[in-house]
Structure formats: C-alpha cells, structure tokens
Amino acid sequence: MPLHLVTRLLDWLREERFIDTVAGAHFPGHVMELATTSDPDRTLLKDSLARLRDELGAAVCISTYTDGEITEQECAFRDAAPPVVEVAPCSDTGHASANGKSLLAQLDFTSRMDYLTRYPFVPLTGRTITSKRRLIAELDDPGPHCAQFSDASEVLDDVLARALAGETGAVARRPGRAR
C-alpha cells in the first residue's frame, strides 16, 4: 500500500479506537478488545449501550422483532437510570410502549400488519391508542428512526391511578425485565 494510504488507515483506526499507538508501536485499542473479547459481561454492544445510557441519563435497550414477537436483546441501566419495569409483556403491549412503537415503526407493511392482527389493542390507560389507523399515523408521521416517548405517560397514568386507589403494590411486576 502507498504510504499516504497506510497513514490514513492508521489515523482512522486510531480515531475509531481500533488501535492505540504508543511510542510508534501499534496495539489493539478499546474497540478491538471489546469486539474480540470472550467475556459475556463485556462486549462492544454492552459497552456502547452503557456509554449511551450515561450520555442520555436514561436506560437504553435494544429489541428485535422476529417471527411476530418483540424480544429485548440487551438493556443498559443503573440506579441513576433505572429500567422501565414491564407491567405486561412487550409483545402484548407494542401498541402502547415506546419500545414496541419504535420497533413497529421500523417494520415493513406486511410485518407490521402481521403484528397488529395478532395482538388486540388493549386500552392500558386513557391515553393508550386503540385505533389501528391512529397508531399507524403516529408511527409514520415522525419517520421510522424517530424515538418514541410514550412510555412515560402510560406508566405515570398507571402508577398514579394505583397510588390514588391505594393499591401501590397490587399489580404484579416482573423485576429485572425492562423495556
């Protein structure tokens, strides 16, 4: 390779943290170490989600839609950025949760209709969208890569309603499950 291309490549590898250069010697960088580690508690994905969590100050999760089901793959949270506790399975409440709406917004038409016909719209709160047409409009209006922020109103309505009714412990929640 010509020297100018090698120089550009080394600069790029350093910028992206694939390598570190110390006194002219090149060593695997942070990203390379994470990408090649066999430690399941320290991977590139977990590290990236943890950094994003710290930057946003909120829990960050990655989920997938496979064979008609919404599944959480990974979530980064901590005491200062706790996870959203799932009151009902995300697969059943995709129309109401931020996680579910984000995934539904990214699906092609056939996959989205498949999900929406599998699961009925459950009115979890007075703010839950129960119209297929209104949900699709809400999903498509900002675009498929826009963040969905509906969980706060859904969760707050639920928590407030239970608190006012004096039933703060009445709804069974599965600890450790986050959206």
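The values are calculated or read from the model by the stated rules, or taken from the named source; none is laboratory data. Remember, it's a predicted structure, so these values are computed and weren't measured experimentally. Here Cβ is always computed from backbone atoms with ideal geometry, including for glycine, and neighbour counts include all displayed protein chains. Quick note on the areas: whole protein, heavy atoms, side chains included, nothing else; ligands and nucleic acids left out. Shrake-Rupley method; radii C 1.70, N 1.55, O 1.52, S 1.80 Å.
Before moving on, here are some points about what is shown:
- Tally of residues being among the β-branched types (Val, Ile, Thr) and over 26 Å from Ser63 (Cβ atoms) across the stretch 15-50: 3
- Residues (over 26 Å from Ala50 (Cβ atoms) and either of a type in the set (Gly, Ala, Ser) or open to solvent by 90 Å² or more (accessible area, probe 1.4 Å) (or both)) located in the stretch 1-25: Met1, Leu3, His4, Arg8, Ala23, Gly24, Ala25
- Hits in the stretch 38-74 (condition: of a type in the set (S, T, N, Q) and surrounded by fewer than 14 Cβ atoms within 10 Å (Cβ to Cβ)): Ser38, Thr64, Thr66, Thr71, Gln73
- Scan of the stretch 114-158 for residues that are at pLDDT below 55 and surrounded by 14 or more Cβ atoms within 10 Å (Cβ to Cβ), ordered by number: Gln148, Ser150, Asp151, Ser153, Glu154, Val155, Asp157, Asp158
- Any hit, the stretch 86-96, residues being of a type in the set (Gly, Ala, Ser), touching a helix residue (DSSP H, G or I) at 6+ places or on another chain (Cβ under 6 Å) and under 18 Å from Glu69 (Cα atoms): yes
- Any hit, the stretch 26-35, residues being loosely packed, with under 12 Cβ neighbours inside 10 Å and farther than 30 Å from Ile129 by Cβ: yes
- Taking the criterion of being charged (D, E, K, R) and surrounded by fewer than 18 Cβ atoms within 10 Å (Cβ to Cβ), the only residue of the stretch 83-92 that qualifies is Asp92.
- Only listed residue being out of contact with any helix residue (DSSP H, G or I) (no Cβ under 6 Å at 6 or more places or on another chain) and without any contact (Cβ under 8 Å) to a residue 40 or more places away in the chain, chosen from Ala25, Ala35: Ala25
- Residue match in the stretch 93-113 (condition: of a type outside the set (A, V, I, L, M, F, W, C), surrounded by 12 or more Cβ atoms within 10 Å (Cβ to Cβ), farther than 30 Å from Glu33 by Cα and at pLDDT 85 or above): yes
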